[in-house]
Amino acid sequence: MRKGGNAYGAGVSRRSFLRRGGAVAGGLSLAPVIGAPFVSTALADTKTLKIVQWSHFVPAYDKWLDGFISDWGKKNGINATIDHIPHLELPARAAAEVAAGAGHDIFGFNGSGGPHLFSKHTVDMTKFIGETEQKYGKVGAIGKQIAYDDKTKTWNAFPDYFIDFPGLYRKDLWGEIGMLPDTWEDVHKGGAKLKAKGHPIGIGLGHSVDPNNSYNSMLWSWGASVSDETGTKVTLNSKATLEVVKFVKALYTDCMTPEVLSWDDSSNNRFLASGRGSWIHNPISAYRTIQKSNPKLADNIFVTKTPAGPVRRLAAGAPNSYVVWNFSKNQETAFEFLRAYCANYKDAFLAATGYNHPLFENLVPKPQPIFSNDPSSHPPDKLKVLETAAEWCVVFGYPGPSGPAPDEVADNFIIPDMMAKAATGKMTPEEAVKWATNEVELIYKKWANHA
């Protein structure tokens, strides 16, 4: 198994990807639906299958997936390989492969900027999704946001899983101040007290996935959003948005330290593992790492639902999906692999130790292992709250459908930048909201004209 190869993505920025992605997005029409069922002669004629996806934050999952792909390939006479690359390099790699009309057969997207931005270059999966739903139950609402094209009424991708965004907190430290970080106001009040005791909280304010998820979560929890339920009208410039920006400024000043301005997606994990951090907004990968490096500290780390705001409790889940490029010469082999992957999904879920949330209702039926009983956690039901994650997680585009415009807003980090400009005093909250609204409107206008 090759890992870390980056023949296409080296040195390509996200903004240059967006310029390139916009150019390639309109070039081709949708490919036809995969028709005839897979037959054994396809395996005999097609000897390769190449897959690329992100380097998972739970290494045990990559280890399982590498072994599964290798074994599947050997059993079927296929030279099946997978490349793992850093998640922030995926958009540039995708744009490069589309521009070249060559690369991998299956492309795994993590976070925003995936199936919606490249829909004209992917095989229509509508029939395959229908087949999969017959076996494993309906796709949930988040899965539809991730992989369904609301305009063409087709499925552009296989919705693999979403990554939830709960709160991870030091129960011993929060117990000392007699609080539980259940709401965003609790996080502010308790975070200020704990910062004074040498234990600040942390949410990144730089260009990475976590800030996009956290600050969109706050917008929704205050009743604000980037766009309306139709997905066409920009609604960012609102009283609720301004309230969130002012809240984040106070949260940064009272509860955090300037280090968060330069954090990447692993920084808050290290922050909690150091013993200094008292609360982070993050998937359980941070907890899993600490379990191995410092079991005593891990026993003091507990999990809550994403904090509730004044209007609702809602978090941005990180979407993960697979597309099959319409320029792939191994499309039938790709679909047969996805069928085998679904048939072994419970093993995949266990390998990810509860980090990957399935999107078909019966791929991993409830009560789900690990969430209902995790022998490595003390108590063993510590993670049970995550079984409810689909109730309080959505993806970019909410309250409307997802699509290329909200994905591009995320890929340009407009919402985190809005928060950072106000938090650091580079702009007033009002100026930051005005700036961000203008940036968002340009993107939505571009995609409206493109359509």
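Express in nm, to one decimal, how much length is gained between residue 79 and residue 428 on full extension, taking 0.36 nm for each residue of separation and deducting their alpha carbon distance.
Difference between extended and current length: 120.0 nm.
What percent does the relative contact order of the stretch 177-316 come to when contacts are Cα pairs within less than 8 Å and at least six residues apart?
On the way: 197 pairs, mean separation 52.5, N = 140.
Here the relative contact order equals 37 percent.
Run the helix sum for the chain: -39,500 (n - 2.57) per DSSP H stretch of 4+ residues, divided by residue count, reported at 222 nm to the nearest 500 deg cm²/dmol. Write out the running numbers ahead of the final one.
Details: 18 runs with 195 residues, N = 451.
The per-residue figure over the chain is -13000 deg cm²/dmol.
Under a Cβ-only charge scheme (Lys and Arg +1, Asp and Glu -1), can you give me the dipole magnitude of the chain about the Cα centre, in debye to the nearest 20?
Details: 48 positive and 45 negative charges, 89 e Å.
That gives the chain a dipole magnitude of about 420 debye.
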Inset, instruction - Please list, or write none, the lysines whose alpha carbon is within less than 18 Å of the alpha carbon of residue 233, excluding same-chain residues fewer than 8 places away. - result: 151, 434, 445, 446
Legend entry - Net charge over other residues, Cβ less than 15 angstrom from the Cβ of residue 255 (K, R count +1; D, E count -1): +4
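Grab the beta carbon distance between residue 48 and residue 196, set R0 = 60 Å, and tell me the FRET efficiency rounded to 0.05. List each step's numbers first, then the result.
Values: r = 59 Å, r/R0 = 0.99.
The value I calculate is 0.50.
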Inset, instruction - Quote the relative contact order of the chain in percent (integer), defining contacts as alpha-carbon pairs under 8 Å separated by 6+ residues. - result: 24 percent
Inset, instruction - Can you tell me the dipole magnitude for the stretch 159-200 around its Cα centre, using point charges on the Cβ only (Lys, Arg +1; Asp, Glu -1), in Debye to the nearest 20? - result: 360 debye
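In the stretch 85-190, which trypsin sites (Lys or Arg not before Pro) are in a loop and have at most 16 other Cβ atoms within 10 Å, using DSSP for the loop call?
Values: sites: 93, 120, 127, 135, 138, 144, 151, 153, 170, 171, 189; in loops: 138, 151, 153.
Those satisfying the criteria are 138, 151, 153.
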Inset, instruction - Could you state the angle between the C-alpha long axis of helix 14-25 and the longest principal axis of the C-alpha atoms of the chain, as a value from 0 to 90 degrees rounded to the nearest 10? - result: 40 degrees
Legend entry - P(r), alpha carbons of the stretch 147-294 - 10 Å bins starting at zero, rounded %: 10, 35, 33, 15, 6, 0
Inset, instruction - Measure nothing but the geometry: give the 0 to 90° angle between the long axis through the Cα atoms of 209-221 and the longest principal axis through the Cα atoms of the chain, rounded to 10°. - result: 60 degrees
Inset, instruction - Sort out for me the Cα centre separation of the stretch 228-257 from the stretch 192-227, rounded to whole Å. - result: 10 Å
Legend entry - Per-q log10 I(q)/I(0), the stretch 311-408, q = 0.13, 0.19, 0.21, 0.22 Å⁻¹ (Debye; single scatterer per alpha-carbon; no solvent): -0.63, -1.08, -1.16, -1.19
Legend entry - Charge dipole (the stretch 92-139, unit charges on Cβ, about Cα centre) - positive-most of 132, 122, 98: 132
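Taking a threshold of 19 Å on the Cα-Cα distance, which of the pairs 75/138; 144/305; 138/382; 50/144; 197/382; 135/366 fall above it?
Values: 75/138 30 Å; 144/305 22 Å; 138/382 28 Å; 50/144 26 Å; 197/382 26 Å; 135/366 16 Å.
75/138; 144/305; 138/382; 50/144; 197/382, as the Cα separations exceed 19 Å there.
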Legend entry - the stretch 291-381, relative contact order in percent, only Cα pairs under 8 angstrom and at least six apart counted: 16 percent
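Listed here are the pairs 127/329; 195/421; 47/292; 246/292; which of them are more than 29 Å apart at the Cα? Mind dumping the intermediate values first?
Values: 127/329 19 Å; 195/421 22 Å; 47/292 40 Å; 246/292 38 Å.
Beyond 29 Å between Cα atoms: 47/292; 246/292.
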Inset, instruction - Considering the options 338, 419, 291, tell which one lies farthest towards the positive end of the dipole of the stretch 274-421, charges being +1 on Lys and Arg and -1 on Asp and Glu at the Cβ, about the Cα centre. - result: 291
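Every number here is computed from the coordinates shown, using simple stated rules; none is lab data. What you are looking at is a predicted structure, and each value in this text was computed from that prediction instead of being measured. Here Cβ is always computed from backbone atoms with ideal geometry, including for glycine, and neighbour counts include all displayed protein chains.
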